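Novice: The structure follows.
The values are calculated or read from the model by the stated rules, or taken from the named source; none is laboratory data. Please read all numbers here as calculations on a predicted model, not as lab measurements. We place every Cβ from the backbone using ideal geometry, glycine too, and count neighbours over all the protein chains shown. All accessible areas refer to the heavy atoms of the entire protein, side chains included, with ligands and DNA or RNA removed. Shrake-Rupley method; radii C 1.70, N 1.55, O 1.52, S 1.80 Å.
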Amino acid sequence: MVKTILSAFRVGEIRKKLAFTAAILALYRLGSFIPVPGVDTEAVKALEENYSSSDILGFLNLFTGGGLSRIAIFALGIMPYITASIILQLLTVVSPSLEKLQKEGEVGQARITQYTRYLTVGLSAAQAIGYVFLFRSQGQSAGTPVFESFNAGSVILVVVCLTAGCVLLMWMGELITQRGIGNGISLMIFASIVSGLPNGISAWWTNPDQV
């Protein structure tokens, strides 16, 4: 098995695909550390402990590779796209028109994929609005305002940045699937989970009773 894997690396096409996949995943991780405009990074750092102590927030943060706790441009991760895909799959059962599209082969599947993208944008925007007000309330409770100014313009800017970040991730995932190795969306989720392993191992090593 090891010999087979090593032989695969000698193939130029496979090396290019691996390099392309690694480059996209590296960009994904980089975007998880770049905060959106108008965010007080010091206040965000003060709130990060809330994510480690909250099961729900910690779970969501896990699938964004820590981007949510930093309010990064990739804070939404790829979850809105996955949610949209699940919704479209469920709708094909109850919607005759979608069921018909599903049976039309590649053409129908392309249409469903397009609908999934549109729904992803809507879900991303709605989720971004929810996170904006969540962080605002948390900042007020902690006495450390997260946003430097909170008005209609700043809210729209943050929502647009977060939504655009999710759409960019969706595109990057599709690029990996088309030109890289494996399923791009699955690899991004895997990369997010793996990125949290060092902190988890460190926490277990220093205080195993609380992990």
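Novice: Given the condition touching a strand residue (DSSP E or B) at 6+ places or on another chain (Cβ under 8 Å) and modelled with pLDDT of 90 or more, answer yes or no: does some residue in region 161-184 qualify?
Specialist: Initial filter on region 161-184 (touching a strand residue (DSSP E or B) at 6+ places or on another chain (Cβ under 8 Å)): 165.
Pick out the ones that are also modelled with pLDDT of 90 or more and you get 165.
Yes - at least one qualifying residue is present in region 161-184.
Novice: Six or more apart or on different chains, Cβ under 9 Å: which pairs go from a residue in region 178-190 that's more than 21 Å from residue 13 (Cβ to Cβ) and part of a helix (DSSP H, G or I) to one that's open to solvent by 50 Å² or more (accessible area, probe 1.4 Å) and among the hydrophobic types (A, V, I, L, M, F, W, C)? Could you list them?
Specialist: Sorted first by the residue in region 178-190, then by its partner, the pairs are 189/79.
Novice: Considering only residues that are surrounded by 15 or more Cβ atoms within 10 Å (Cβ to Cβ), in contact (Cβ under 8 Å) with a residue 40 or more places away in the chain and over 16 Å from the mean Cα position of the chain (by Cα), which ones fall in region 117-144?
Specialist: Matches in region 117-144: 135, 138, 139, 144.
Novice: It is to be established whether one or more residues within region 61-78 are open to solvent by 20 Å² or more (accessible area, probe 1.4 Å) and farther than 23 Å from residue 188 by Cα. Explain how you work it out, then say what you get.
Specialist: So the first thing to find is which residues in region 61-78 are open to solvent by 20 Å² or more (accessible area, probe 1.4 Å), and the list is 61-63, 70, 73.
So of that shortlist, the ones also farther than 23 Å from residue 188 by Cα come out as none.
No; the residues of region 61-78 include none that is open to solvent by 20 Å² or more (accessible area, probe 1.4 Å) and farther than 23 Å from residue 188 by Cα.
Novice: For region 90-104, does any single residue satisfy the condition of being open to solvent by less than 50 Å² (accessible area, probe 1.4 Å), within 23 Å of the chain's Cα centre (by Cα) and within 30 Å of residue 194 (Cβ to Cβ)? Before the answer, list the steps.
Specialist: Residues of region 90-104 that are open to solvent by less than 50 Å² (accessible area, probe 1.4 Å), as a first pass: 92, 95, 98, 101.
Checking the rest, the ones that are also within 23 Å of the chain's Cα centre (by Cα) come to none.
Within region 90-104, not a single residue is open to solvent by less than 50 Å² (accessible area, probe 1.4 Å), within 23 Å of the chain's Cα centre (by Cα) and within 30 Å of residue 194 (Cβ to Cβ).
Novice: Would you confirm, using the coordinates I've provided, whether residue 133 is within 17 Å of residue 34 (Cα to Cα) and modelled with pLDDT under 90?
Specialist: When the stated conditions are applied, residue 133 does not pass them.
Novice: Please specify each residue of region 145-160 satisfying the condition of being open to solvent by less than 30 Å² (accessible area, probe 1.4 Å) and either at pLDDT 85 or above or closer than 26 Å to residue 19 by Cβ (or both).
Specialist: Restricting attention to region 145-160, the residues satisfying the condition of being open to solvent by less than 30 Å² (accessible area, probe 1.4 Å) are 146-147, 154-155, 158-159.
Once the filter is applied, which keeps residues that are open to solvent by less than 30 Å² (accessible area, probe 1.4 Å) and either at pLDDT 85 or above or closer than 26 Å to residue 19 by Cβ (or both), region 145-160 yields 154, 155, 158, 159.
Novice: Looking at (1) open to solvent by less than 50 Å² (accessible area, probe 1.4 Å); (2) under 30 Å from residue 45 (Cα atoms), which one does residue 112 not meet, given that it meets all the others?
Specialist: That leaves (2) as the condition not met.
Novice: Could I ask something else about it? Does residue 7 fit the bill of being open to solvent by less than 60 Å² (accessible area, probe 1.4 Å), more than 18 Å from residue 158 (Cβ to Cβ), modelled with pLDDT under 75 and part of a helix (DSSP H, G or I)?
Specialist: yes
Novice: Could you check, for region 57-64, whether at least one of its residues is under 15 Å from the mean Cα position of the chain (by Cα), modelled with pLDDT under 70 and part of a loop (DSSP other than H, G, I, E, B)? It would help to see each step written out before you state the result.
Specialist: Our first condition is that a residue be under 15 Å from the mean Cα position of the chain (by Cα); within region 57-64, this holds for 57-64.
From what is left, the residues that are modelled with pLDDT under 70 are 57-64.
The next check asks that each one be part of a loop (DSSP other than H, G, I, E, B); those that pass are 63-64.
Within region 57-64 (the criterion being under 15 Å from the mean Cα position of the chain (by Cα), modelled with pLDDT under 70 and part of a loop (DSSP other than H, G, I, E, B)), the answer is yes, since at least one residue qualifies.
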